[in-house]
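To keep things clear, I will list the structure first and then write my remarks on it.
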Amino acid sequence: FYRGDILYIPGCAPTLSPDEPEPTWECITYEMQAEEAQYTSGSVDNNFDGYTGDGFVNTGNSSGEWIEWSIEVADTCNAATCMFRYACKSEDRPMELRVNGSIITTLDFPATGEWFTWETETFDINLTAGSNEIRLTATGENGAPNMDKVDINICGCEIVTPAPMPDPTEDPFE
């Protein structure tokens, strides 16, 4: 179920502890905006509706363009799912996925039909304790799709940065 910027995944098992009578969920999703990532060239734009945050990253239209997010975890995570939100009007824009410099796979990023039609490309990765870099590099001559954000669903480990978003239904002054 969804609560603000934190998504709890029902398939993730709760942790039970003798000291805690109620289960606590170990799975949480961290939203990382593209405009807060590093990227080779291009701009943060807001001319197509449907993006989240302050806009989306529109990199240069050539092979080798990249966008990279950093996340720090306290423990090794063997279960992290990246959900890349993107738009691409008419042609597929494949991108190589690297984690900490190692090539993991190539994701297709199929055309969405319009620049304001946002879709998600998903892939499971492993994160190591400490700082982790998640980089997408365009492999086709048309470059990268417009990139809105990545949601990283992590189960079973503590995140150091970024901090999860607070629950918008809770009053911080109470």
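Conditions (1) open to solvent by 50 Å² or more (accessible area, probe 1.4 Å); (2) hydrophobic (A, V, I, L, M, F, W, C), marked per residue:
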{"residue": "Tyr51", "(1), (2)": "yes, no"}
{"residue": "Ser62", "(1), (2)": "no, no"}
{"residue": "Glu72", "(1), (2)": "yes, no"}
{"residue": "Asp75", "(1), (2)": "yes, no"}
{"residue": "Phe84", "(1), (2)": "no, yes"}
{"residue": "Ser90", "(1), (2)": "yes, no"}
{"residue": "Arg93", "(1), (2)": "no, no"}
{"residue": "Val99", "(1), (2)": "no, yes"}
{"residue": "Thr105", "(1), (2)": "no, no"}
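Here is a yes/no grid of residues against (1) open to solvent by less than 20 Å² (accessible area, probe 1.4 Å); (2) modelled with pLDDT of 95 or more:
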site: Leu127; (1), (2): yes, no
site: Ser131; (1), (2): no, no
site: Ile134; (1), (2): yes, yes
site: Thr139; (1), (2): no, yes
site: Asp148; (1), (2): yes, yes
site: Ile154; (1), (2): yes, no
site: Val160; (1), (2): no, no
site: Pro166; (1), (2): no, no
site: Phe173; (1), (2): no, no
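Residue-wise test of (1) under 12 Å from Thr139 (Cα atoms); (2) out of contact with any strand residue (DSSP E or B) (no Cβ under 9 Å at 6 or more places or on another chain); (3) assigned to a strand (DSSP E or B).
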{"residue": "Ile71", "(1), (2), (3)": "no, no, yes"}
{"residue": "Cys82", "(1), (2), (3)": "no, no, yes"}
{"residue": "Thr106", "(1), (2), (3)": "yes, no, yes"}
{"residue": "Thr112", "(1), (2), (3)": "no, no, no"}
{"residue": "Thr117", "(1), (2), (3)": "no, no, no"}
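The values are calculated or read from the model by the stated rules, or taken from the named source; none is laboratory data. These numbers were taken from a predicted model, which means no experiment stands behind them. In this analysis, Cβ positions are derived from the backbone assuming ideal geometry, glycine residues included, and neighbour counts consider all displayed protein chains. Remember, those area values only see protein heavy atoms, side chains included, never the ligands or the DNA or RNA. Shrake-Rupley method; radii C 1.70, N 1.55, O 1.52, S 1.80 Å.
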